[in-house]
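To keep things clear, I will list the structure first and then write my remarks on it.
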Amino acid sequence: MIRKCLFPVAGYGTRFLPATKSMPKEMLPVVNKPLVQYGVEEAIEAGLDEIGFVTGRGKRAIADHFDVSYELEHQIAGTSKEEYLSSIRNVMAKGSFSFTRQPSMAGLGDAILQGRRLIGDEPFGVVLSDDLCVTEDGDGVLSQMVRLYKQFRCSIVAVQEVPEEDIHKFGVIAGEQIKTGLYQVNDMVEKPEAKDAPSNLAIIGRYILTPDIFTIIENTPPGKNNEVQLTDALLSQAKDGCVLAYKFKGKRFDCGSVSGFVDATNYVYENLYGK
Ligand code: UTP
């Protein structure tokens, strides 16, 4: 029922300079797999196998990663090294990959609007692949959210509780708990100071959006940092209809920051690599 997933990957990744000067941050490897591949695997597991990327200049490596590399594959065909390609071949066999560009970094809301033609008039997932999400039982965060969508049929944002000193880095929600871990959103603030935050429930990089969000974004003026904020559009959607916030089961690593990236690397190496 939800088939498509958008990956906004146009950001500059300035927190990872100089590594990201000529390489997209989404291609940084957590152990032996680029960040973006973890996100795509999570989407495909949830049944979202039509993958759309909103890219920018300097991001060609992402398109190449999801395409065949003839010379390399010819070279290692039939050798013991071929198995190293199995995870990406599996992803390529299951998914389709489309690309569009965001001409200028005008904010996450704008990036999603640029993806409109890839999505059309249907509900879709959004993954910010610098948030790496892992679960112990293999039930991915997007899979959890797709099940909720089937029940409630409205936009859903994934949230987690964050300590006070980190609140200013996130969009934060306020809402009415309708069942354990599920809130009907009635307020949202982008990157508030801790004292102004409506709660400690921070939005992380997983969303299910209904397609009316595109028109709402078109009518959303630039907000914080003069960028078109998805949070502002979601607040309009929440006020006129329904947006749910879901406290997901699992762990999330902020791989857009150096410390989160190192934590993710250690976790994946110790718990997931080679299993
Ligand atoms: P971030 O602000 O975390 O990513 O945006 P960034 O700008 O790449 O990183 P820093 O802060 O400079 O280190 C969250 C996500 O939204 C995408 C980014 O690619 C990232 O995945 N994004 C953000 C866009 O695609 N376009 C935008 O205009 C803004």
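The values are calculated or read from the model by the stated rules, or taken from the named source; none is laboratory data. Because the structure is predicted, anything quoted here is derived from the model rather than measured. FYI the Cβ positions are ideal-geometry reconstructions off the backbone, even for glycines, and counts take in every protein chain you see. Quick note on the areas: whole protein, heavy atoms, side chains included, nothing else; ligands and nucleic acids left out. Shrake-Rupley method; radii C 1.70, N 1.55, O 1.52, S 1.80 Å.
Surface analysis of the chain yields an accessible area of 49 Å² per residue, using protein heavy atoms and a 1.4 Å probe.
Seen from PRO222, the other residues with C-beta closer than 12 Å to its C-beta sum to a net charge of -3, counting Lys and Arg as +1 and Asp and Glu as -1.
With a ≥ b ≥ c taken as the square roots of the eigenvalues of the C-alpha gyration tensor of the stretch 155-241, please select rounded if a/c is under 1.5 and otherwise prolate if a/b is larger than b/c or oblate if it is not? Taking the square roots of the gyration eigenvalues as a ≥ b ≥ c, the stretch 155-241 is oblate. Build a GNM of the chain with springs between Cα atoms under 10 Å apart, and of SER143, SER87, SER199 the one that fluctuates most is SER87.
Springs between Cα atoms under 10 Å define the GNM used for the chain, and in it the highest mean-square fluctuation of ILE178, ILE208, ILE62 occurs at ILE178. Under a model in which nothing but the beta-carbon of Lys, Arg (+1) and Asp, Glu (-1) is charged, the chain shows a dipole of about 320 debye around its Cα centre. Highest mobility in the GNM of the chain, judged by mean-square fluctuation with C-alpha springs under 10 Å and restricted to THR20, THR215, THR180, is found for THR180. Of the accessible area of the stretch 78-197, computed with a 1.4 Å probe over protein heavy atoms only, carbon and sulfur atoms account for 45 percent.
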